[in-house]
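Worksheet for the structure shown next.
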Amino acid sequence: MDDKKKSGRYERIFEQLEGLLQKPGNAISRMATVVAVLSHKMDYYFWTGFYLLDDGELIAGPYQGPVACQLLAKDIGVCWAAINRKETVVVPNVHEFPGHIACDSRSNSEIVVPLKNRSGEIIGVLDVDSTSFSAFDETDRVWLEKIVGLLE
Ligand code: SME
């Protein structure tokens with residue numbers, strides 16, 4: 001997808017989510033809504049979902065796509081890297097990422113965006129996988145950070 005088309009689509013999704021997300025609402029329902037809209041509208045998304053910190057563990061939250069790991073081994077893989085680095089991680093080729101946890105061998109690239117609470121503490125991540133290599137770029141990072149920001 002070219003960059004202009006991608007930005008336009010994210011802009012419409014952002015506006016739609018601004019209207020859909022109940023405030024204060026329920027955190028899980030709000031995450032489920034974000035996942036539903038993104039995975040339905042973005043055709044290069046293969047797996048879309050949240051992993052949430054629970055007692056120091058990272059467990060699957062609302063997601064759409066093939067069945068994924070329910071628990072991610074601590075400090076291993078892309079999701080934990082985003083949490084430990086406290087920033088978005090874009091991986092053009094997951095097979096080259098040390099410790100990448102392959103929940104589904106069809107995933108080839110990935111973006112993981114930290115999710116924070118109102119106090120700025122990281123409470124989980126939004127993880128999106130694609131079967132294409134290098135599917136995610138700066139446009140995805142900027143817009144997904146804005147979208148995840150709606151949940152803070
Ligand atoms: N790729 C993740 C694991 C979760 S799946 O992508 C759904 C990781 O290495 O953290």
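The values are calculated or read from the model by the stated rules, or taken from the named source; none is laboratory data. These figures come from a predicted structure and were not determined experimentally. We place every Cβ from the backbone using ideal geometry, glycine too, and count neighbours over all the protein chains shown. Accessible surface areas use protein heavy atoms only, side chains included; no ligands, DNA or RNA. Shrake-Rupley method; radii C 1.70, N 1.55, O 1.52, S 1.80 Å.
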>> Among the residues of the stretch 10-21, are any in contact (Cβ under 8 Å) with a residue 12 or more places away in the chain, of a type outside the set (A, V, I, L, M) and under 23 Å from Cys103 (Cβ atoms)?
In response: no
>> Out of Ile28, Ile59, I need the residue that is more than 20 Å from Phe97 (Cβ to Cβ), within 12 Å of the ligand (Cβ to nearest atom) and not charged (D, E, K, R). Which one?
In response: Ile59
>> Anything in the stretch 64-77 that is under 16 Å from Thr131 (Cβ atoms) and within 8 Å of the ligand (Cβ to nearest atom)? List them, or say none.
In response: Gly65, Ala68
> From the list Thr88, Thr131, which one is touching a residue at least 60 places away in the same chain (Cβ under 8 Å) and among the β-branched types (Val, Ile, Thr)?
Replying inline: Thr131
> Restricting the search to the stretch 1-17, which residues are of a type in the set (D, E, K, R) and open to solvent by less than 100 Å² (accessible area, probe 1.4 Å)?
Replying inline: Asp2, Asp3, Lys6, Arg9, Glu11
>> Every residue in the stretch 26-42 that is assigned to a loop (DSSP other than H, G, I, E, B) and open to solvent by less than 50 Å² (accessible area, probe 1.4 Å), please.
In response: Met42
>> Residues that are within 26 Å of Ser7 (Cα to Cα), touching a helix residue (DSSP H, G or I) at 6+ places or on another chain (Cβ under 7 Å) and touching a residue at least 60 places away in the same chain (Cβ under 8 Å): does the stretch 23-32 have at least one?
In response: no
